[in-house]
Amino acid sequence: MRKKSLTKTMNPSVLFLINYAVPIIFIILIAFAIPLSGLSGLYFIRELMIRLSRNSFLILALLIPVMAGMGMNFSIVLGAMAGEIGLIFITDWQIVGISGMLLAILISTPIAVLLGYFAGIVLNRAKGREMVTGFMLAFFMNGIYQLFVLFGMGNIIPISNSSILLPRGYGIRNTINLLGIRQVLDKLIPLKIGDILIPVATFLVIATLCVFITWFRKTKLGQDMRTVGQDNEVARVSGINVENTRVLSIVISTVLACYGQILFLQNIGTMNTYQSHEQVGVFAIAALLVGGASVAKANIPNVFIGVILFHTMFVVAPRAGKALMGQAQLGEYFRVFVSYGVIAFSLALYAWRKRVEKENERKKIMNYRKSILAK
Amino acid sequence: MRKQIIIRTALVTALILIGIFLYVIGKEHKVVIDNRDISIGDITYSASTTYVVWVDNQEIGVIKKGERNAAIVTGVSHKIVVEEIKSNVLTGEKHEKRFRLKTNESATVNIPAIINNANEWIDKTN
Amino acid sequence: MESKEKYLLRMEHVSKDFYGTKVLKNINISVKSGEIIGLVGENGAGKSTLMNILFGNPIIHETGGFEGKIIFDGKEVNFASPFDAINAGIGMVHQEFIFIPGFTAIENILLNKEPTRYSFFSEIFGDKLNVLNREEMKKRAIEAIKILGIELNPEIIVKEMPVGHKQFIEIAREIDRKLLKLLVLDEPTAVLTESEADIAMKAIKKLAAKGVSVIFISHRLQEILDSCDRIIVLKDGSVQKELIPSDTNPREVAEYMIGHELTKSIWKSKEIRKISETILEVNNLWVDMPGEQVNGASFKVNKGEIFGIGGLTGQGKLGIANGIMGLHPAEGEVKFKGKPIFLNNSKYVLEQGIAFVSEDRRGLGLILDQPIFKNITFTAMQIKDMFLKSLLGGLIKWSDDKAMFKITREYIDALQIKCESEKQLVRELSGGNQQKLCMAKVFVLQPELIFVSEPTRGIDVGAKSLVLDTLCEYNRKYGITIIMASSELVELRAICERIAIVDEGRISGILPPTAELVEFGLLMLGIKSKKRETIGK
Ligand SMILES: Nc1ncnc2c1ncn2[C@@H]1O[C@H](COP(=O)(O)OP(=O)(O)O)[C@@H](O)[C@H]1O
C-alpha cells in the first residue's frame, strides 16, 4: 500500500523494451520517415556507405572508456583537435596523398597522447561525474585550441602557407581545403559496384580497429579496465592501479578519436578549423546510444547499428520534413537537437534502470537471507 | 627492462624516420613549364611551336609558343614528357626528361631547352 | 633457536597508539605452521588494529607506525603495504565480499593475478598487453575450488550465484596463491548458513593440514571452539588469555572476553518497575541496513520502560531502529499501541508519535550550519505543523519565531545545553551538547516512544552521564518509552530495565540489568541457553 512499487519484478519483455527504448524509437521513426522521404534505394545505400566509413571509427573510439567505467567519453573532442592540428601542419607543409595522411597521424599522435593524459587526470579527479566533466573539459580545451590556432599559429609556430593563414599574417583561416588528402584513403583501393563507390581501404582500417578492440579486451590491461569499470574499490584492493588504468583508457580513446577525426575529414575534404570538432563528441555518443549501448555497456555491434540508425535518420529526416511541412531547413539544428535529446533521454533511462536493478538485487539478497535464516 | 628500452627507442626512431620519409615523398612541388625563348650562356633557344606536356604521366595540357603552365608534383623523382603539335596534330616527336627535387625545391623547366637537349633545361629554386 | 624456528609468525611486544590513546599494549602472539588460531575479543579490543599492523595497512603508517617487531617466516618484517604482505605469503579474507559481481568465478578467483600469454605488443607497451590465458585461468580456479571441496561451476557469473557461494570465491582466491603461508579470516562465516559454514571450516582445516597457518577472527564462539587449535582472547588491547579449546568452555571464553564484574551491579534505580502494557510489538523484522542487517528480530516493549538493545558491532542492533523509522528498507510486522505500523515511511512513523535520536548525529540528526533554534524546531514544524502561524485558513503559513525561541530556551535550560544563544550555529557546539540538542529536537515532538542509538558515542565522560540522566528523567517524568541501542553494556545496564542482545540480526535473548556480565557475553557470542530466554515474556 504505502510501499514503494519500484521493486515490482519486471516482465522480461518490458525490460527489453526499456533497455532498448532509444533504438526502438529510432527504428519506428525511420520506418515512417523512409516512405515519406521518397529517396531511392540506391541513393540511400550510397549515403549509408559514406556515413559508415566516415563515422564508425570515431564512435569505436568511445568503447574503451565505457569498459573502464568512465561512461561516454566527451573528451574525444580533444583527440579530434589533435587530429586537426596534424592536418593543419601537413596542409601548411603541402604534404599530400596517403603520405600526407599518415604524416598527419604521426604528428598528431603525441599531441593526442598528451591531451588524453591530461583529460584522464582531470577525469580522475571527478570520479562518478566523468561525463559532465568531459563535456566541460571539451569546452575548455576548445578555448585553448582556438587560442593556439588563432594566435599561436603563424606567431609562435611558423606557418608559411599563406593560403591557410588569415590575411593579417597569423592565425588559421576558418576553412582549410584538404584537397591534398581528400578521400585518398577512401579511393586507395578502388572498387565500384554499380554506381556506388566502396571505400574499401577505409573499411579495412575500421575492421582493423574492431579486431584491435576485440583483442584489447582479452589483454591484461583490458581485463584491468573491466575490473576498474565494475568496481574501483575492489580493483584497488586487488592491487590494480585504478588511476593509471583509467588514464590509459582515456589516452587510448583520445588517440583513436584523433585518427577517427582525420579519417572523417579526409572523407569530407574540407576542414572547418574552429567548428569541425565541436559536435564530434555529442554526435558520436548519441549514435552509440542509439545503437543500443548504455553508459556502462557498449560493444562493436552497437557502434554499427548506431551509425546506421542515427545517420539514416539524418538522411531521411530533412526530406521527410520537406514532404510533411515543405521545410528542409531542419539540417544541423535538428541534428544537434536530436543528439542532445538522445543523450539526455538515455542517461535518464539508465539512471532509472540502475535504481530498479539495485532494488531488485537488494530484494534478491534479502529473500535469500530470509530463506536460509527463517525457520 | 633493458630490452624494452631498446625496443621503444628503436620504435620511436623508426617513427621519426618514417615521418621524415613521408614528408619527403608526400611533399608537393610546383613545376612551372615555360614554352618561351631562353638564353643560357650565349646560346638562345627559341620557342617555335606548341607542345603537349605530361608530368609524371599526368597530362598538364597544351602550351602554346610563348606561354607557360604549371604542374603540382608530389615526391622526389619526376618525369616530364613533351610532344610537339604541328597544325593541330601530334607529330609523335616526344622528348622525355627526368629530374629530382629536394624537399623545399620548386622548379622551372623550359621546353625549348628540353627539345635542344640543353644541359640547363631546369632551374630549381628553394 | 630451535623453538623459534617452529613458528611461522611471531609478533613480539607489539604496541600501538592512535593519537595518544593506547589501543594495543605489549602483544605477544606466535603462530605455528599449520596451526589454526582463533582470535576473539569484544568490539574495540584491537583485533583489526593488530591485523592492520600485520598487513602493513597504510592507516598504521599514517598514524605513526607501531612498536615491537613482527617475525614472519624467520625474517623480521614491516610491510609497507598490504600488497607486500600478500607477496610475502599472507592472505586475507574479508567479512564484506570483495569481488566483481559481473565477472565469472574464474575471473574473480584470479583477479589481478591472471596468467598471461606473450604478445608482441608487450615489448613496446609493457606486460599489461599480454593476453590472458583463459585455459590456464580455468585450470587454476578449478584446482582452488577442489581444495575447498564444494560444488561450484567456475564459469558462472558471480552475481548469479547463490549468495552463500560468494564467500567461497574469496577463500578460493587466497588458496590459489601458491606461496600462501598464513591466511587471516575476518568473520568469514558471518553470512553463511550453518551447512555452508561447515564446508568453509572443513576447507580451512584442509588448508591447515597442508601447512598453511590460519588466524580466524569470529564472534561465533562455537565455531572457534570447534575448529581452532588455540584461542587467543584480546581485551582492551592486550592478550587476556590463551586457551586450548579442549580445556575450556564457552562460559570461560566469554568471561575472559568481557571481563569479571568488579561491583555486583551498576543498576541505578533500586527496583524494576512492573509494567505489563505492551506499547511496541515487533515480529519478524528484516532490515536491509548495510553492515547492520536485521534478520527476523522479534520482541515486545512495555509502555513506559527503558528497553536496551546491545550486541557486537555489525550484528544489527542499530538496524532495528533505522528499519522501523524507515531510514533503511524493512519488512515485517510492527505494532504500535496495538495498531500495525507501515514500514518504509519515515514521516508516517514520526506522525504516529515515534521519534528517533540517530547514531549518525552529524548526518541525520543535525543541520550543522543552522542555528540551534532551527535545529530544535525543524522536525516539529515538518511533522506536526508546530511553530507555524497560519492565515486564511492555512493557505499561508509562516514560522512563529517567538514560539521557536521560547521553546528553544526552555530546552537549553532543561538539558543544560552550553551555548552562547539560541542563534548559535550547531557546528560550534561540543559533541555532548550536540547530542543533547538531538534529544531536545526529539522531545519537542512530544513522542510516546523514542529510539535512541549510541547516545554516548564520541562524547566525553561527564557529558555521557548527563545524557543518560536526561533520558531517565524524561522517561520518569513524562512516561516516554525509550528503546536504547548501545555498544556500551555498562550504560545499558545502568539505565535499562530489560536488555535485549542482538546476534546475527536476531534477538538472542533478553536479560535483566542485574544479570551476570558473562551472560550478556554468551548471548553476544551466539550461545543460547533455555534459562536465559525466560525473562520478558
Ligand atoms: N584509525 C583509528 N583512529 C583512532 N582510533 C582507532 C582507529 N582504529 C581503531 N581505533 C581504536 O582502536 C581500538 C581498537 O579497535 P579495533 O582494532 O577496530 O578493535 P576490534 O577490531 O577488536 O573491534 C578502538 O578503541 C578504536 O576506537
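Bear in mind that the values in this text are calculations on the coordinates, not laboratory data. Source: prediction; values computed, not measured. All Cβ positions, glycine included, derive from the backbone under ideal geometry; neighbour counts span all protein chains shown.
Spatial offset of the range A:189-214 relative to the range A:80-118 amounts to 22 Å, using the alpha carbon center of each. Peptides A:168-178, C:29-39, C:61-71, ordered by how many other C-beta atoms sit within 10 Å of their residues on average, highest first, read C:29-39, A:168-178, C:61-71.
Calculated FRET efficiency, B:Leu15 to C:Glu155, Cβ-Cβ distance, R0 = 41 Å: about 0.45 to the nearest 0.05.
Rounded to the nearest 10 degrees, the angle from helix A:76-93 to the longest Cα principal axis of chain A is 10 degrees.
When you count the other C-beta atoms within 10 angstrom of each residue and take the mean per peptide, A:66-79, A:23-36 line up highest first as A:66-79, A:23-36.
Quote the FRET efficiency, to the nearest 0.05, computed for C:Lys347 versus A:Asn360 with a Förster distance R0 of 25 Å and r equal to the Cβ-Cβ distance.
On the way: r = 25 Å, r/R0 = 1.02.
The calculated FRET efficiency here is 0.45.
Please list, in order, the residues from the range B:40-64 whose amide nitrogen is less than 12 Å from a point placed 7 Å along the Cα→Cβ vector of B:Ala118. What the label zone holds, given the 12 Å backbone N cut-off, is B:40-48.
Helix A:331-373 and the longest principal axis of the C-alpha atoms of chain A enclose an angle of approximately 30°.
Each residue of the range C:369-376 is assigned a 3J(HN,Hα), and the resulting list reads 8, 10, x, 4, 5, 5, 4, 5 Hz, derived from the Karplus form 6.51 cos²θ - 1.76 cosθ + 1.60 (θ = phi - 60°), x at Gly and Pro. Test of understanding: in a Gaussian network model of chain A with alpha carbons linked when under 10 Å, which of A:Ile95, A:Ile18, A:Ile305 would top the mean-square fluctuation ranking? Result for chain A, Cα springs under 10 Å: A:Ile18 fluctuates most.
Based on alpha-carbon centroids, what's the gap between the range C:338-385 and the range B:86-126 in Å, whole number please? Measuring centre to centre over Cα atoms gives 96 Å.
Of the GluC sites (Glu not before Pro) found in the range C:154-194, those in coil by DSSP whose Cβ has at most 14 other Cβ atoms within 10 Å are C:Glu155.
Give the residue list of chymotrypsin sites (Phe, Trp or Tyr not before Pro) in the range C:1-60 that are DSSP loop and have at most 16 other beta-carbon atoms within 10 angstrom. Answer by residue number: C:Tyr19.
All C-alpha to C-alpha distances of the range C:278-534, sorted into 5 Å bins beginning at zero, yield P(r) values of 1, 6, 13, 17, 19, 17, 12, 8, 4, 2, 1, 0, 0 percent in whole numbers.
Among the GluC sites (Glu not before Pro) within the range C:355-421, those in coil by DSSP and having at most 14 neighbouring Cβ atoms inside 10 Å are C:Glu420. Modelled spin labels at B:Thr49 and C:Lys477, positioned 7 Å past Cα toward Cβ, are 12.7 nm from each other.
Computed from the C-beta positions of B:Glu59 and A:Ala207 and an R0 of 51 Å, the FRET efficiency is 0.90 to the nearest 0.05.
Simple spin-label estimate for A:Lys370 and C:His13 gives 5.8 nm between the two label positions (7 Å along the Cα-to-Cβ direction from each Cα). Other residues within the sphere of radius under 12 Å centred on the Cβ of B:Val24, judged by their own Cβ, net out at +1 (K and R +1, D and E -1). Take the Cα of A:Asn299, step 7 Å toward its Cβ, do the same at B:Ile6, and the gap between the two points is 4.2 nm. Between helix C:134-148 and chain C there is an angle of about 70 degrees, using the helix long axis and the longest principal axis of the Cα atoms. Please say if the protein assembly as shown is rounded, prolate or oblate, where rounded means a/c under 1.5 for a ≥ b ≥ c the square roots of the C-alpha gyration tensor eigenvalues, and otherwise the choice is prolate for a/b larger than b/c and oblate otherwise? Taking the square roots of the gyration eigenvalues as a ≥ b ≥ c, the protein assembly as shown is prolate.
Anisotropy class assigned to the range C:340-424 is oblate, per the alpha carbon gyration tensor with a/c at or over the 1.5 cut-off and a/b no larger than b/c. Each peptide in C:128-137, A:264-273, C:470-479 was scored by the mean count of other Cβ atoms within 10 Å over its residues; highest first, the order is A:264-273, C:128-137, C:470-479.
Between A:Asn241 and A:Val132, the contour length at 0.36 nm per residue exceeds the alpha carbon distance by 36.9 nm.
Taking one quarter of the surface of the C-alpha convex hull of the range C:100-176 gives a mean projected area of 5.0 nm².
Against the empirical curve 2.2 N^0.38 Å, the C-alpha radius of gyration of chain A lands at a ratio of 1.08.
Mind checking the mean number of beta-carbon atoms from other chains within 10 Å of the Cβ atoms in A:46-53?
Partner Cβ neighbours, averaged per residue: 0.
Per residue, the convex hull spanned by the Cα atoms of the range B:1-120 measures out at 113 cubic angstrom.
To the nearest whole number, what is the average tally of beta carbon atoms from other chains within 10 Å of the beta carbons of peptide A:91-98?
Averaged over the peptide's residues, the number is 5.
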